[in-house]
C-alpha cells in the first residue's frame with residue numbers, strides 16, 4: 001500500500017522533490033526509529049520487515065499454515081465474511097478501481113489485493129486494511145449522473161444496506177472478537193479442573209501457552225488415540241473437541257455435549273455457509289461404558 005501510494009504521488013500527481021521532501025523525511029524518520037527499536041529489542045542490528053519477508057516469502061514458511069488457489073479470496077467473501085454485505089463491498093471496490101484507474105485508492109489498494117492473491121497462503125484478515133475504504137469505494141463505483149440513479153429505488157437500496165449494517169453492528173457489539181473466548185469463559189466459571197483432548201491443546205495458540213484465560217489448577221491432558229482417550233477418562237470428566245461431532249462411534253455413545261462456542265440456532269441458520277469452516281469448540285461430559 002505504501003509503495004502504491006508513493007507511486008501515485010510521483011506518477012499521477014507528478015509531485016517533484018520539493019513537494020515530497022516532508023513525506024520522505026517522515027517515512028525515513030519512522031524507518032530509523034524502527035531500526036533502533038529492533039537493535040534495542042533483539043540486541044543486535046537487524047531489519048525485522050526484511051527478515052519477515054525472507055522467512056515468509058523467500059523461504060516459503062508462511063505456506064506451513066496451508067495453501068489455497070489464487071481465487072480463494074473470491075470464495076472467502078461468501079463463506080468467511082458477513083453475509084450479503086461482504087460480497088457487495090468487495091465487488092464494489094473492484095468496480096471503483098475499474099472506473100477510476102488513476103485514483104489514489106486504486107493505486108494503494110489494488111496492489112495489496114494482487115499481492116495477496118499471488119501468495120499461496122491466504123487468510124481473510126490479510127485484506128483487513130481494505131475494509132476501511134470499502135464503503136467509500138462502493139459509493140464511487142455506483143455514483144452516476146444518470147437520472148436512473150435519482151429514482152426512488154436508489155433510496156430503497158441505500159436503506160437496505162444501512163439496515164444490514166445496523167444489524168451487523170448490533171450483533172458484533174455483543175459477541176467476542178474471538179469466539180473461543182466463550183469457551184474460556186465457560187470453563188473458568190464452571191470451575192472445571194481437568195480437560196482431556198485430542199489434537200490441539202485449547203490453551204496453546206500458535207505454540208504459545210495462554211495463561212490469562214487459564215483457571216488456576218486446570219489440567220489439560222493430550223490423548224494420542226481414541227482408545228487412549230477412553231482409558232484416561234473417568235466418570236463425569238469433560239472432553240474437549242473442535243467440533244460437535246466426536247471422532248468415533250464409541251465416544252459418541254458415552255459422551256454428551258455440555259457446551260459449544262456457537263449456539264445451535266446459529267449452526268442451523270448458517271449465514272453465508274461460514275459455519276462449514278468454523279472450528280466449533282465443544283465440551284463433552286463422558287461416562288464409563290457399563
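The values are calculated or read from the model by the stated rules, or taken from the named source; none is laboratory data. A quick note: this is a predicted structure, and the numbers were derived from the prediction, not measured. So basically every Cβ, Gly included, is an ideal-geometry build from the backbone, and we count neighbours across all protein chains shown.
Odds and ends about this structure:
- Against the list (1) surrounded by 15 or more Cβ atoms within 10 Å (Cβ to Cβ); (2) part of a helix (DSSP H, G or I), the condition residue 154 fails is (1).
- Number of the condition not met by residue 37 [criteria: (1) closer than 18 Å to residue 112 by Cα; (2) surrounded by 11 or more Cβ atoms within 10 Å (Cβ to Cβ); (3) modelled with pLDDT of 90 or more]: (1)
- Against the test of being over 19 Å from residue 1 (Cα atoms) and either touching a helix residue (DSSP H, G or I) at 6+ places or on another chain (Cβ under 7 Å) or modelled with pLDDT of 85 or more (or both), the options 166, 98, 158 yield a single qualifying residue, 166.
- When 117, 77 are screened for being touching a helix residue (DSSP H, G or I) at 6+ places or on another chain (Cβ under 9 Å), under 24 Å from residue 2 (Cβ atoms), surrounded by 13 or more Cβ atoms within 10 Å (Cβ to Cβ) and assigned by TED's automatic domain parsing to the domain that holds residue 9, only 117 passes.
- Number of the exception - residue 278 against (1) modelled with pLDDT of 75 or more; (2) surrounded by 17 or more Cβ atoms within 10 Å (Cβ to Cβ): (1)
- Helices (runs of 4 or more DSSP H) within the range 65-130 that include 2 or more residues within 30 Å of residue 15 (Cβ to Cβ): 85-99, 104-118
- Matching residues in the range 98-114 - criterion: being more than 28 Å from residue 178 (Cβ to Cβ) and surrounded by fewer than 19 Cβ atoms within 10 Å (Cβ to Cβ): 98, 99, 100, 101, 102, 103, 104, 111, 114
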